[in-house]
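The values are calculated or read from the model by the stated rules, or taken from the named source; none is laboratory data. Model, not experiment: these values are computed from the prediction. Cβ coordinates were reconstructed from backbone atoms using ideal geometry, including for glycine residues, and neighbour counts include every protein chain displayed. What goes into the accessible areas is simple: the full protein's heavy atoms, side chains included, and nothing from ligands, DNA or RNA. Shrake-Rupley method; radii C 1.70, N 1.55, O 1.52, S 1.80 Å.
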Amino acid sequence: TTSRDGDTSQFASNAHTQITHALFSPHEDDVVSAVCVGGVFRTYRVNETTIKLLSATPLNELVKDVGREVAAHAWLHNDDKHVAVGTSTGEVLILEQGAIVCVLNFARQGASSDEGCASRAVGCVRAYKNGFIVGDARGRVSIVERCARKRTNDSGVLYKCVKTLIARELKDIDA
């Protein structure tokens with residue numbers, strides 16, 4: 001590119017920095033989360049003049065699986081600052097401070113063995129009450145709620161799918 005004063009500079013493009021989805025944190029007004037090509041989840045602190053990288057979490061390294069892309073994410077409404085991250089493989093990963101605290105696999109629910117990866121992808125994730133809602137490429141919408149901790153020393157935070165709705169195709173609807 002050429003600047004106003006005629007100076008020419010090159011910009012290196014790194015696929016892992018290409019942002020595909022970004023959201024402001026409801027917990028901290030100056031924190032932005034972003035999902036990047038290659039399955040990388042990043043958080044940034046922003047102000048009027050700067051953007052500072054706080055963390056970069058390569059999800060494929062955390063779960064030891066190659067080829068997982070991040071499709072969507074949402075900050076959840078709880079004090080733990082959890083982020084639900086939907087993937088191209090049909091999973092939702094719950095992150096807390098860069099670590100996975102829960103994995104939900106939506107690809108297994110009603111999936112046939114001949115379906116491709118694209119049909120299993122989680123296309124949207126939205127915070128909802130004490131959990132979140134997930135939509136996938138097959139027209140399924142699932143409601144997920146946070147489970148109460150059974151003991152005070154129980155460090156595991158679990159979420160469970162409480163209901164799944166399946167969209168009917170237009171040809172099935174009588175006019």
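Measuring with a 1.4 angstrom probe and ignoring ligands and nucleic acids, residue 88 comes out at about 30 Å² accessible.
By the scheme Lys and Arg +1, Asp and Glu -1, what is the net charge of all other residues having a beta-carbon under 12 Å from that of residue 28? That sum, taken over residues with Cβ under 12 Å, equals 0.
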